[in-house]
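Inspection log for the structure reproduced underneath, given as structure tokens.
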Amino acid sequence: MASFTQSTPTGSINGENVTFVLSTTPSSVEVYLDGLLMTDTVDFTRSGTTITFVTPPATGQALQAWTFIA
């Protein structure tokens, strides 16, 4: 059964860290930083459960992910 779930990737939001980890390997993911939808391959890349930002999120920014698992 397919599911669409909101989660908070793990990793330090400190203005230096660019790597965050999802709890499961999704079929697809939408990543939001301070409520703004980030663009895959422009703002971040994903490999398995790992999200890597091009520019590190600043201290205090909110990171959320919506994952789709088929």
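The values are calculated or read from the model by the stated rules, or taken from the named source; none is laboratory data. From a predicted model like this one, the values you see are computed outputs, not experimental measurements. FYI the Cβ positions are ideal-geometry reconstructions off the backbone, even for glycines, and counts take in every protein chain you see. The protein model used for the area step is the full one, side chains on, heavy atoms only, and it has no ligands, DNA or RNA in it. Shrake-Rupley method; radii C 1.70, N 1.55, O 1.52, S 1.80 Å.
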Which number in (1) in contact with a Leu (Cβ under 9 Å, 6 or more places away or on another chain); (2) modelled with pLDDT of 95 or more marks the one condition that L36 misses?
-> (1)
List, please: which pairs have Cβ atoms under 7 Å, are six or more places apart or on different chains, and start with a residue in the stretch 52-66 that is among the β-branched types (V, I, T) and end with one that is in a loop (DSSP other than H, G, I, E, B)?
-> T52/V18; V54/D43; T59/I13; T59/N14; T59/G15
Over the stretch 15-25, the set of residues closer than 11 Å to A65 by Cβ, part of a loop (DSSP other than H, G, I, E, B) and open to solvent by 40 Å² or more (accessible area, probe 1.4 Å) is S23, T24
Of residues in the stretch 31-42 being closer than 15 Å to A62 by Cα and in a loop (DSSP other than H, G, I, E, B), the one most open to solvent (accessible area, probe 1.4 Å) = D34
Exactly one of S47, S28, S7, S12 is surrounded by fewer than 12 Cβ atoms within 10 Å (Cβ to Cβ) and not β-branched (V, I, T), and that residue is S47
Which condition breaks for A58 when tested against (1) assigned to a strand (DSSP E or B); (2) at pLDDT 95 or above?
-> (1)
Residue in the stretch 61-70 that is farthest from the chain's Cα centre (by Cα), counting only those that are at pLDDT 95 or above and in a loop (DSSP other than H, G, I, E, B) | Q61
